[in-house]
Structure formats: structure tokens, C-alpha cells
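In what follows, a single structure is set out as C-alpha cells and then discussed.
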Amino acid sequence: MPRQQSPLSIEYVLLGFIDQHPIHGYDLFKKISQFDAISLVWHIKQSQLYALLDRLEEEGLISSSMIQGESHPNRKEYSLTSVGAQTFHAWRSSPVEHGREIRLELLAKVFFALQASPDEVIELFESQKEKCFEWLQESQNSLLTLTEAQMYERIVFQYRIAQIEATIQWLEQARKQVGMNPEIDLSKSFPTANSDSEWETT
């Protein structure tokens, strides 16, 4: 069945781990649950994991094969299809389109981009910063159209502007950190975005 919409963010996370190497469902759950890894951003129940894997397989993004074991029951092993790999790599390298997606989706992209190469995560930071400047300009323009009597609207846009500026500062800090440490595993020493940065853009 052809996919009618883009995968959910958590589905991209599953694709990202399967992209590293073929993996069993339980091993995938353990990877996602590691405290010092993606679980800092994403959480998933084991029952939800298998439901999502079934859906990804139905949509042709992953395939599975039954692996026989001598010391354990037969287990299903998942691999990315070519379509799944293209879908994941395109997602990993693209900026998020809304401010509310910074805290979860962008940080998931950063997690996998760091494992790909320093250059890829730097490019992601730069493209996201460009997107933030677009949001900043839009919000500043909207603020200029408001009258003094529109106090609530002015407060809302002032909040958005402050959050966007803070995100740009964080992106610059993170980009500098990656540039200074291109040879180490930065996924274990990465600054986290403000958990309150869930602003929406128009």
C-alpha cells in the first residue's frame, strides 16, 4: 500500500537505527531505551514499537526476515529497503519546518547526523539557522503591523521572536562545538535545546 503521508518523527528514529545495520525488534527497543542516547529525546513503549515496525513494513520502508537461532527462538530481523534508506537520508539532512519541531524532531536528526559525519551535522545546523532567520523575519514583520492596542498579539510575537533568537544562538553554539571537535563522538556531549522552545510559526 503506498504511503499517504510522511512518516511520523518516531518512525524516522526507527528507520535511523535500522539504517545502521539489520536489527531485531527487541534489540531496537533496547537501543532506543538507552539513557545516554535517543531516549533523552524520544520514548516509546515496546508494544508501540512493534506496531510501528509492522506499519513501516506494510509501506515498503523496511523488510523483515526470520532468523533461526540455536539458543533462542526464531526472531524477525528488520532491514531498510532502498526506498526506506532514501526516505530516511532525505529527512536526516533537512531542517524542520516549524518551531515546535525543534525540541524533538531536530534533535533526532542531529543524533543521526552526528553519527554520519561532522560535515553533515554542520550542514544541518546551517540550513536550520537559515530557516530560523526566515521565521524571525516573518515574526518581526508581523509585529510591525500591530498597533499598541493589540497588546496580546504583540506579547505573543515578542515571545516568538525571543524564542527564535535563542534557537539561533543555540544552533551557533552547537555548530561551533562540532567544528572544534570533528574527531570525537559528540552525540554524548551535545548541548540540549531549551525544553520550552515549542513556539509556532505562521
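Using the charge dipole of the range 118-188 (Lys, Arg: +1 at Cβ; Asp, Glu: -1 at Cβ; taken about the Cα centre), state which of A162, L136, I122 has its Cα farthest towards the positive end.
Of the listed residues, the answer is A162.
Quote the FRET efficiency, to the nearest 0.05, computed for Q169 versus A90 with a Förster distance R0 of 30 Å and r equal to the Cβ-Cβ distance. Spell out each step's value before the answer.
Numbers: r = 28 Å, r/R0 = 0.92.
E between Q169 and A90, to the nearest 0.05, is 0.60.
What spacing in nm lies between the two simple spin-label points modelled at E126 and Q158, each 7 Å away from Cα in the Cβ direction?
3.6 nm
Averaged over every viewing direction, what's the projected area of the C-alpha convex hull for the range 9-92? Give it in nm², one decimal, please.
Values: hull surface 22.7 nm².
Average of the hull's projected areas for the range 9-92 equals 5.7 nm².
Charges on Cβ only, +1 for Lys and Arg, -1 for Asp and Glu, centred on the Cα centroid of the range 9-92; of S33, T87, Q46, which one is farthest towards the dipole's positive end?
Projecting each Cα onto the dipole axis, the largest value belongs to S33.
Given the pairs K76/K129; K76/K131; K45/K131; K45/K76; K45/K129, which span a C-alpha to C-alpha distance of over 30 angstrom in this model? Display every interim value, and only then the final one.
On the way: K76/K129 41 Å; K76/K131 40 Å; K45/K131 33 Å; K45/K76 18 Å; K45/K129 33 Å.
Over 30 Å apart, Cα to Cα: K76/K129; K76/K131; K45/K131; K45/K129.
Just to be sure I understand the model, the point goes 7 Å from the Cα along the line to the Cβ. What's the resulting H72 to T147 distance in nm?
Those two pseudo-labels are separated by 6.9 nm.
Calculate the dipole size of the range 118-188 relative to its Cα centre from +1 charges on Lys and Arg beta carbons and -1 charges on Asp and Glu beta carbons; express the result in debye to the nearest 20.
Numbers: 7 positive and 13 negative charges, 58 e Å.
Magnitude of the dipole: close to 280 debye.
Viscosity 0.692 mPa s, temperature 37 °C: Stokes-Einstein D of the range 30-75 from its Kirkwood Cα radius, in µm² per second?
On the way: Rh = 12.6 Å.
Taking Rh from Cα pairs, D becomes 260 µm²/s.
Full extension from A37 to E134: what is 0.36 nm times the residue separation minus their Cα-Cα distance, to one decimal in nm? Write out the running numbers ahead of the final one.
On the way: separation 97, 0.36 × 97 = 34.92 nm, distance 3.08 nm.
Length gained between A37 and E134: 31.8 nm.
Got a sec? How would R175, R92 order by Cβ neighbour count within 10 Å, fewest to most? Provide the component values of the computation, followed by the final result.
On the way: R175 18, R92 22.
The most exposed by this proxy come first: R175, R92.
No value in this document is a laboratory result; all are computed from the given coordinates. These numbers come from a predicted model, not from an experiment. We place every Cβ from the backbone using ideal geometry, glycine too, and count neighbours over all the protein chains shown.
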